[in-house]
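What follows is a short report on a single structure.
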């Protein structure tokens with residue numbers, strides 16, 4: 001298999017050339033989520049997007065899960081603004097906006113219209129629910145009511161909290177070539193690695209030349225793990241348990257949606273842009289539950305690829321297996337048939353969090369000892 005082509009055929013680059021015009025008609029102050037997305041647009045992570053969605057793109061995305069040109073795109077990338085900003089753009093007939101983060105100009109937006117997000121209605125289309133117990137819905141409803149679309153030109157590349165693990169698609173593609181990897185499996189995660197994750201990653205390694213583990217370190221919900229803990233834990237796992245020179249650990253700096261199956265597609269597209277030929281989809285990819293209610297079916301994220309995998313141009317490794325661990329010793333199984341169910345518990349991020357909160361010892365069947373020793377309940381987002 002040859003090098004994976006970027007989604008849409010070319011890797012977008014929206015970093016501004018030296019000496020280019022950086023004047024603007026109006027100023028927009030942005031939050032960190034928008035700042036991170038500017039970086040992902042500018043470096044091609046969100047290819048083929050060249051900016052924030054206009055009305056047509058937004059409506060096509062949430063209604064049909066596609067861009068107006070027909071390409072599959074499941075989640076909206078928008079720049080929320082207040083009604084006051086919208087009025088200012090209209091009154092000035094502004095063509096360009098300067099995007100500022102903490103008083104520093106980050107990018108120029110070529111304005112392609114403003115529109116009302118209709119947050120409650122669009123939430124239901126994006127997440128399949130408008131219940132505020134869903135963290136993605138709650139976050140979506142908390143933002144401003146309007147959005148402004150248009151291409152961006154980035155002026156200031158981002159400074160990352162973990163620069164040693166931050167790579168652009170151009171960089172990862174070069175790294176894959178240097179290692180002579182023809183097939184690369186991408187792995188998305190938002191948590192520290194337990195034995196279930198490890199099993200999925202080993203399946204990826206068995207099918208591909210290399211494994212690209214890429215934890216998401218943007219906004220996440222309360223109870224998920226802090227970025228530094230995830231990186232610390234994965235360093236231990238890679239060092240002690242994986243074959244040398246077959247794994248790269250990087251990061252993805254963008255917010256979680258918790259949109260389940262749609263987000264699985266979104267994450268697959270992103271990894272294709274980084275150069276991955278394969279992508280692992282687990283049983284509840286990007287899923288979320290509240291008060292015991294799961295918002296997405298446990299195999300729904302796997303099934304959504306049935307008719308679109310070839311169109312996306314990335315091969316999915318879909319594993320909807322439920323793993324169980326022995327509470328007292330190192331043992332992991334896929335079925336409890338014939339076993340004492342009292343001795344086993346399901347492997348999940350929730351299980352890890354509950355054990356940490358209670359201050360209990362983590363079984364080696366749930367998590368490798370080297371990983372368990374470098375995390376604690378202090379590493380959970382409060």
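The values are calculated or read from the model by the stated rules, or taken from the named source; none is laboratory data. Since the structure is predicted, the reported quantities are computational estimates derived from the model, not experimental observations. Glycine gets a Cβ as well: all are built from the backbone with ideal geometry, and neighbour counts include every protein chain shown.
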Kindly indicate whether any position in region 270-282 is closer than 26 Å to residue 137 by Cα and modelled with pLDDT under 95. yes
Picked from region 300-325 (must be loosely packed, with under 14 Cβ neighbours inside 10 Å and free of Cβ contacts under 8 Å to residues at least 24 places away in the same chain), the residue nearest to residue 183 (Cα to Cα) is 310
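Which one of these is touching a strand residue (DSSP E or B) at 6+ places or on another chain (Cβ under 9 Å), within 22 Å of residue 239 (Cβ to Cβ), without any contact (Cβ under 8 Å) to a residue 60 or more places away in the chain and surrounded by 16 or more Cβ atoms within 10 Å (Cβ to Cβ): 356, 366?
None of the others qualify; the one that does is 356.
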Exactly one of 210, 204, 218 is in contact with a helix residue (DSSP H, G or I) (Cβ under 8 Å, 6 or more places away or on another chain) and modelled with pLDDT of 95 or more, and that residue is 210
For region 280-291, pairs from a residue that is in the same structural domain as residue 267 (by TED's automatic domain parsing) to a residue that is modelled with pLDDT of 95 or more and in a strand (DSSP E or B), with Cβ under 6 Å and 6 or more apart or across chains, are 280/187; 280/317; 281/316; 281/318
Open item on the list: So for region 80-90 (the condition being part of a loop (DSSP other than H, G, I, E, B) and either surrounded by 14 or more Cβ atoms within 10 Å (Cβ to Cβ) or not assigned by TED's automatic domain parsing to the domain that holds residue 234 (or both)), does at least one residue qualify?
Closed with: yes
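Quick one: in region 113-142, which of the residues that are surrounded by 15 or more Cβ atoms within 10 Å (Cβ to Cβ) and without any contact (Cβ under 8 Å) to a residue 12 or more places away in the chain is farthest from residue 255 (Cα to Cα)?
The residue in question is 130.
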Per the list (1) free of Cβ contacts under 8 Å to residues at least 60 places away in the same chain; (2) farther than 14 Å from residue 317 by Cα; (3) not in a helix (DSSP H, G or I), residue check on residue 230 breaks on (3)
When (1) in a helix (DSSP H, G or I); (2) crowded, with 19+ Cβ neighbours inside 10 Å are applied to residue 192, the one that fails is (1)
Can residue 255 be described as farther than 18 Å from residue 352 by Cα and surrounded by fewer than 20 Cβ atoms within 10 Å (Cβ to Cβ)? yes
Residue 272 passes all but one of the listed conditions (1) surrounded by fewer than 21 Cβ atoms within 10 Å (Cβ to Cβ); (2) in contact with a helix residue (DSSP H, G or I) (Cβ under 9 Å, 6 or more places away or on another chain); the exception is number (1)
